[in-house]
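The values are calculated or read from the model by the stated rules, or taken from the named source; none is laboratory data. Model, not experiment: these values are computed from the prediction. All Cβ positions, even for glycine, are placed from backbone atoms using ideal geometry, and neighbour counts span all protein chains on display.
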Amino acid sequence: MTILPRPDERVKGVRIDADVLSVDLMDGRTIAVPIAWFPRLLAGTPRQRSNWQLAGAGYGIHWPDLDEDISTAGLLRGDAPPSIKLSKPRAKKRPADRRGSKKIANRR
């Protein structure tokens, strides 16, 4: 049995442009996500966005000027804030079929 080394998910570098947050990991991977996933980063100035620091022993990024924290684990999972997550459109509710349905009364 071959034991493979665990990927090193610590942050090596961060780049942000008007549309994309890119995070380079120590193991050579790069994660790129829409900056729109992070409203505080989106609203920040280029100077505020460039002022980041490592957090959580290198497994996270902190922007002190914007009070934003992002973990590499969350980025790898594709975690976006709930208001941003892309989901399937909800099916329209159909009216309940009243034919033959009986309501059971609570009995004590």
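Residues in the stretch 26-54 that are in a strand (DSSP E or B) and over 16 Å from D79 (Cβ atoms): T30, Q53, L54.
When restricted to residues that are touching a Leu at 6+ places or on another chain (Cβ under 7 Å) and of a type outside the set (D, E, K, R), the stretch 8-31 contains 5.
Against the definition (at pLDDT 65 or above, small (G, A, S), loosely packed, with under 10 Cβ neighbours inside 10 Å and not in a loop (DSSP other than H, G, I, E, B)), how does A57 come out, yes or no? Here the answer is yes, as A57 does meet what is asked. Among the residues of the stretch 1-16, those identified as assigned to a loop (DSSP other than H, G, I, E, B) and without any contact (Cβ under 8 Å) to a residue 12 or more places away in the chain are M1, T2, I3, L4, P5, R6. When P64, P82 are checked against the criterion of being modelled with pLDDT of 95 or more and not small (G, A, S), P64 stands alone in meeting it. In the set V20, V11, only one residue is among the β-branched types (V, I, T), on the phi < 0 side of the Ramachandran plot, surrounded by 14 or more Cβ atoms within 10 Å (Cβ to Cβ) and touching a helix residue (DSSP H, G or I) at 6+ places or on another chain (Cβ under 8 Å); that residue is V11.
Taken over the stretch 1-26, the criterion of being over 23 Å from D67 (Cα atoms) and in contact with a strand residue (DSSP E or B) (Cβ under 9 Å, 6 or more places away or on another chain) is satisfied by P7, D8, M26.
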